[in-house]
Structure formats: structure tokens, C-alpha cells
1. Pull up segment 81-121, narrow it to residues that are closer than 16 Å to Gly26 by Cα and of a type in the set (A, V, I, L, M, F, W, C), then point me to the one that is nearest to the chain's Cα centre (by Cα).
2. Could you grab the pairs with beta carbons closer than 6 Å, sequence gap of 6+ or different chains, first residue in segment 67-91 and touching a residue at least 24 places away in the same chain (Cβ under 8 Å) and hydrophobic (A, V, I, L, M, F, W, C), second one assigned to a helix (DSSP H, G or I) and surrounded by 14 or more Cβ atoms within 10 Å (Cβ to Cβ)?
3. What number of residues within segment 71-91 satisfy the criterion of being surrounded by fewer than 12 Cβ atoms within 10 Å (Cβ to Cβ) and in a strand (DSSP E or B)?
4. Name the residue that is modelled with the lowest pLDDT, counting only residues in segment 92-121 that are surrounded by 10 or more Cβ atoms within 10 Å (Cβ to Cβ) and of a type in the set (Asp, Glu).
5. List every residue pair whose Cβ atoms lie under 7 Å apart, where the two residues are 6 or more positions apart in sequence or sit on different chains, the first residue falls within segment 109-121 and is at positive phi, and the second residue, located anywhere, is of a type in the set (Phe, Trp, Tyr) and at pLDDT below 90.
6. Which residue, of Ile104, Ile24, is closer than 24 Å to Phe4 by Cβ and either touching a Phe, Trp or Tyr at 6+ places or on another chain (Cβ under 8 Å) or of a type outside the set (Gly, Ala, Ser) (or both)?
7. Mind listing whichever residues of segment 24-41 are touching a residue at least 24 places away in the same chain (Cβ under 8 Å) and either within 26 Å of Ile82 (Cα to Cα) or in a helix (DSSP H, G or I) (or both)?
8. If I ask for residues that are part of a strand (DSSP E or B), within 23 Å of Lys15 (Cβ to Cβ) and not hydrophobic (A, V, I, L, M, F, W, C), which ones from segment 92-121 would you list?
Amino acid sequence: MYTFGHIGVYVDDLKASKAFYTKILGCEVLKEYEYPDSHLVFLDAGGTVIELIKKENSAYRPLRGAIDHMAFKVDSLDEVMIKLHNHHIDIIGEPRIVGSARIIFIKGPNNERFEFTEKIT
């Protein structure tokens, strides 16, 4: 078995993306690297590492596969929805029940999709 490393996400606006991932999602910056052609930011998302990738040539965003969404477990979906509303972030559709979870989806600053999931009894 392999150990999970990280999820790499191409971004258009590194400053906006870094703010979104830290202020909205609560991620913490682990490290940053700046190269002539790119800037990388590694974030801790509760034990999962997300790598934000900004290429200087914005036309260079290769499609090597598709990630449908990234999901975050939350204690209170209602509190998350209030926070999203206060930051003018729209929820895609209505909250819904899937199995033993109540979920919502949002779009991030780079058109990525995020799911927030609250375990229900």
C-alpha cells in the first residue's frame, strides 16, 4: 500500500486561492516554493496536504485527469453555510442527505468544487 502524499490543484490567482483555502477552508500554510516559472504553496487541510500550483504562463494548465471535488468533514453544516454566506460564497443547489451525511457543494476561486459533509444520526 502507498501512503497518500498530496492533491495538486492548478490556480489562476494564487493570492485569492491562498486566502480562500486558509480563511474559508481553515487550511494552514506548510511551505512555499518560488521558481522562475511557477509558485507552489503546500497547505495542511486537517491531515491532507493540498498543493496550490501557479504557473507564470497561465495558458499552461495541463489536463492530466479530473478531480470531481474535494470534501471536508465538518461538525456543523449550518455554521459553515453561515460562514459561506458572510463571505458571499454561493452554495450549489440545496443541502441534501446522502446516506448518513448532510452535504453541500460550493465552487472555489479556480472553479474547483468543494463538498462539506456533516455526519447525521
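1. Phe114
2. These pairs meet every condition: Val74/Val80.
3. Total meeting the criteria: 1.
4. Looking at the filtered set, the residue picked out is Glu112.
5. Once the first residue is at positive phi and sits in segment 109-121, no partner that is of a type in the set (Phe, Trp, Tyr) and at pLDDT below 90 comes close enough.
6. Values: Ile104 fails: closer than 24 Å to Phe4 by Cβ.
Sole residue among the options that is closer than 24 Å to Phe4 by Cβ and either touching a Phe, Trp or Tyr at 6+ places or on another chain (Cβ under 8 Å) or of a type outside the set (Gly, Ala, Ser) (or both): Ile24.
7. As a first pass, look at segment 24-41 and keep what is touching a residue at least 24 places away in the same chain (Cβ under 8 Å): 24-25, 39, 41.
Passing the criteria: Ile24, Leu25.
8. Scanning segment 92-121 gives Lys107, Arg113.
The values are calculated or read from the model by the stated rules, or taken from the named source; none is laboratory data. Small disclaimer: the values here were computed from a predicted structure and weren't measured. Note that we place each Cβ from the backbone using ideal geometry, even for glycine, and neighbour counts take in every protein chain shown.
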